[in-house]
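Student: What follows is a single structure, and I will ask about it in a moment.
The values are calculated or read from the model by the stated rules, or taken from the named source; none is laboratory data. This one's a predicted model, so the numbers in the text were calculated from it and none came from an experiment. Don't worry about glycine lacking a Cβ; one is built from the backbone with ideal geometry, like all the others, and counts go over all protein chains shown.
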Amino acid sequence: MTVVDEIAGVAAAMVARPDSTAQVAGVVRDAARDGLALVARGAGTRQDWALPPQRLDVILEMGGVCGVVEHAAGDLVAIVRAGTPLREVQEALRPAGQQLALDEPIPGATVGGTVAVNASGPRRMLYGTVRDLLIGVTVVRADGVVARAGGKVVKNVAGYDLGKLVAGSYGTLGVITECAFRLHPLPAAARYVRARTESPDDAGRAVAAVLAAQVVPSALEVDLTAGGGAPEVTALVEGVPAGVERRAADLEKLLGDGAGQCADPPEGWGTYPWSPGDVGIKLTCALSRVPYLLTAAGVTAQLHDAPLRVRGSAGTGVLYAGLPAATDPGVVAGVISDLRAATRAGAGHCVVLTAPPAVRTRVDVWGHVDGLDLMRRVKEQFDPAGTLAPGRFVGGI
């Protein structure tokens, strides 16, 4: 162990750097025995998300727990250690013509960190989320015991719910050390079809038209620029060349005058609409309410004279919004309040993923979350002493 580091502004006395599941288990077991609080860290790309830990003694640096353990190409399954960067996983799978269909909104993100926050990008529309692709997991419990669930073939789902439970738990229920994923073939061809619209209302109508058609896009993204710029709608189609060409032509007709095709993703594709240190917000709603949420976001930006930028998966009802770090905290609070009203009306939620400290003191980053009592009981069962990432999750869990 070495001395001094920090997570979200909270200093730790020690940093442990294991290189195996067994070593992770040893560190966690020692921390639990000594009453120490521990937070796992991969590449550190999302350590400013959620809440700072209430207490922190040990940072568990997972970079040494890396590599592809097994790639069963015939079964379309790979087992990967948690500290492996997503990009390295894709490079390892590419020679077999396969992929892990997870996007990388933040360059350098690791497998474990991606699962821990349940992060998915544009292609979740076709391929599903982390929870959909995760078929097995190895987790070190808060007492240092190693638990395994799921399997390494898609049809073996025994214990699969543990994977769903730890995905999106922000490291508060266990330390993920290995993941088994369902893979997909690399597409032979891909095209992006883009169109600028006149307003959020028009963007919503364009999205609705694509969803009602039979073009089966892999992703359907919308980008509302700050300052009232023209919203852009982009659809991705993948598959065999002839089918992609036909569906891309159909999309051009659906999106109307000004729509065009390109082989490469547009600028900002699959990334979050904020920079480090800014305010980052996640918005969700029922798919049928996406046009409404887009319009509400535009109205909110105008009402508060705020440079709000919105980007995300209009095809799944998961959008992201960003405000510059210099935005007045009172303005941010007003924007969040209005966006929460809009997402509630759309059967969704509004969560502040990251924000400067001055904003965190003004805003409840999680907002109202259904089932909080159940979440507390789950935490109590998994980690009664509060060893793992205490206070990082909903309601200070």
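Student: Enumerate the pairs (first residue in the range 66-83 and more than 17 Å from V111 (Cα to Cα); second residue anywhere and surrounded by fewer than 17 Cβ atoms within 10 Å (Cβ to Cβ)) with beta-carbon separation below 8 Å, excluding pairs fewer than 6 apart on the same chain, so at least 6 apart or on different chains.
Tutor: A72/K152; A72/V153; A73/A96; D75/K152; D75/V153; D75/V154; L76/V154; L76/P185
Student: Show me the helices (runs of 4 or more DSSP H) entirely contained within the range 42-136 in which 2 or more residues are farther than 15 Å from T177 by Cα and not hydrophobic (A, V, I, L, M, F, W, C).
Tutor: The helices (runs of 4 or more DSSP H) meeting that bar are 86-93, 124-127, 130-133.
Student: Can you name the residue in the range 237-280 that is on the phi > 0 side of the Ramachandran plot and in a loop (DSSP other than H, G, I, E, B) and is also surrounded by the most Cβ atoms within 10 Å (Cβ to Cβ) among such residues? It would help to see each step written out before you state the result.
Tutor: Pass one, the range 237-280, residues on the phi > 0 side of the Ramachandran plot: 239, 256, 258, 268, 270, 277.
Keeping just the survivors that are in a loop (DSSP other than H, G, I, E, B) gives 256, 258, 268, 270, 277.
Values: G256: 13, G258: 11, G268: 15, G270: 19, G277: 13.
So the residue we want is G270.
Student: Quick one: would you say A385 is modelled with pLDDT of 95 or more, out of contact with any Asp or Glu (no Cβ under 8 Å at 6 or more places or on another chain), hydrophobic (A, V, I, L, M, F, W, C) and at positive phi? It would help to see each step written out before you state the result.
Tutor: Working: modelled with pLDDT of 95 or more: yes; out of contact with any Asp or Glu (no Cβ under 8 Å at 6 or more places or on another chain): yes; hydrophobic (A, V, I, L, M, F, W, C): yes; at positive phi: no.
In short, no.
Student: Separate question: Could you tell me which numbered condition R29 fails, if it satisfies all but one of (1) in a helix (DSSP H, G or I); (2) farther than 17 Å from T172 by Cα; (3) charged (D, E, K, R)?
Tutor: R29 satisfies every listed condition except (2).
Student: Cβ-Cβ below 8 Å, separation at least six or inter-chain, first residue in the range 313-336 and touching a residue at least 24 places away in the same chain (Cβ under 8 Å) and over 14 Å from L353 (Cα atoms), second among the acidic types (D, E) and crowded, with 21+ Cβ neighbours inside 10 Å: which pairs?
Tutor: Partner pairs satisfying both residue conditions: S313/E221; A314/E221; G315/E221.
Student: Let me ask another. Take the range 65-113 and flag every residue that is among the charged types (D, E, K, R), over 23 Å from S218 (Cβ atoms) and in contact with a Ser or Thr (Cβ under 9 Å, 6 or more places away or on another chain).
Tutor: R81
Student: Moving on. For residues that are closer than 24 Å to T300 by Cβ and among the aliphatic types (A, V, I, L, M), scanning just the range 196-220, find the one that is surrounded by the most Cβ atoms within 10 Å (Cβ to Cβ). Write out each step before concluding.
Tutor: Narrowing the range 196-220 to residues closer than 24 Å to T300 by Cβ: 196-208, 211, 220.
Those left that are additionally among the aliphatic types (A, V, I, L, M): 203, 206-208, 211, 220.
Values: A203: 27, A206: 25, V207: 24, A208: 15, L211: 16, L220: 25.
Residue satisfying both the conditions and the ranking: A203.
Student: Further question: In the list A22, A50, which residue meets the criterion of being buried (at least 19 other Cβ atoms within 10 Å of the Cβ) and out of contact with any His (no Cβ under 7 Å at 6 or more places or on another chain)? Don't jump to the end; show me each part of the working.
Tutor: Working: A22 fails: buried (at least 19 other Cβ atoms within 10 Å of the Cβ).
Only one candidate passes the filter, namely A50.
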